[in-house]
Amino acid sequence: MNYYPTIVAEATPVERADFYKKTYIHVAIALLSFMLVETFLLKAIPEEFILKMVSGKIVWLFIIGGFWLASMFIDKLAFSENRNTQYLGLGLYVIIEAIIFLPLIYIALLTGGPQVIQQAATITLFMFGGLTAVVFFTKTDFSFLRPAIIIGGFIALGLIVAGAIFGFDLGLWFSVAMVALAAGSILYQTHQIKDKYYTNQYVGAALQLFASVMLLFWYILRILLSRRS
């Protein structure tokens with residue numbers, strides 16, 4: 001156990017390797033847990049309720065608002081000094097993501113079957129691996145992406161809320177832009193993990209990466225589904 005955490009960039013090679021291993025193992029566990037929770041929800045939640053999540057404006061706005069508020073709270077849990085609290089934050093975030101994804105996965109299974117979900121997952125993992133390699137094998141400082149990610153996130157949230165209220169489809173190009181935003185977020189978060197985090201913050205680091213990967217997966221899946229409509 002590391003009683004005196006240091007910044008990853010200043011840690012010994014052994015400490016850095018241990019931090020990276022723990023971070024990405026936790027990302028993998030979060031992804032596996034998401035799959036298990038999503039499978040359970042698909043079997044346990046009635047189809048009528050799932051359809052109401054996408055057809056009801058108020059319901060969907062409530063879900064978006066709840067997700068935004070919960071994300072801020074859970075992010076604090078994941079970076080708590082208490083390890084059990086950190087895991088609580090990561091676990092709650094996985095459950096919330098599974099709820100948010102429920103209608104999209106349901107629609108994907110109806111229109112494209114498991115194949116389209118597998119394709120989206122494969123593309124997402126390849127992109128995530130490639131973006132991670134770019135950060136670790138180059139000396140580029142990706143911290144400059146932070147303002148663009150923040151501004152882009154608020155713009156995207158506004159457009160999503162407006163689309164839900166007024167009932168218009170944001171279209172293919174919005175999904176493409178969101179894929180670019182998610183890719184930028186992965187570059188930024190991976191750079192932060194590589195240089196700015198402390199060696200005991202691997203649970204919080206895993207949560208940040210998991211969130212960006214799920215955002216990337218969401219819009220890649222939407223792009224693939226738009227090609228089938």
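The values are calculated or read from the model by the stated rules, or taken from the named source; none is laboratory data. Given the structure is predicted, the values throughout are model-derived calculations rather than measurements. Ideal geometry is used to build each Cβ from the backbone, glycine not excepted, and the neighbour counts take in all protein chains shown. Accessible surface areas use protein heavy atoms only, side chains included; no ligands, DNA or RNA. Shrake-Rupley method; radii C 1.70, N 1.55, O 1.52, S 1.80 Å.
Looking only at residues of segment 135-148 that are open to solvent by 40 Å² or more (accessible area, probe 1.4 Å) and under 18 Å from the mean Cα position of the chain (by Cα), we find that the one that is modelled with the highest pLDDT is 148.
The helices (runs of 4 or more DSSP H) located wholly in segment 11-113 that include 3 or more residues which are modelled with pLDDT of 90 or more occupy 13-44, 83-111. Take residue 190 and tell me if it is open to solvent by 40 Å² or more (accessible area, probe 1.4 Å), among the hydroxyl-bearing types (Ser, Thr, Tyr), part of a helix (DSSP H, G or I) and out of contact with any Pro (no Cβ under 8 Å at 6 or more places or on another chain). It is false that residue 190 is open to solvent by 40 Å² or more (accessible area, probe 1.4 Å), among the hydroxyl-bearing types (Ser, Thr, Tyr), part of a helix (DSSP H, G or I) and out of contact with any Pro (no Cβ under 8 Å at 6 or more places or on another chain). Scanning for something free of Cβ contacts under 8 Å to residues at least 40 places away in the same chain and either over 20 Å from residue 124 (Cβ atoms) or of a type outside the set (A, V, I, L, M, F, W, C) (or both), does segment 194-207 turn up at least one residue? No, segment 194-207 has no match at all.
Screening residue 169 against (1) outside any helix (DSSP H, G or I); (2) open to solvent by less than 20 Å² (accessible area, probe 1.4 Å) leaves a single unmet condition, (2). Residues in segment 202-211 that are open to solvent by 10 Å² or more (accessible area, probe 1.4 Å) and closer than 22 Å to residue 144 by Cα: 208, 211.
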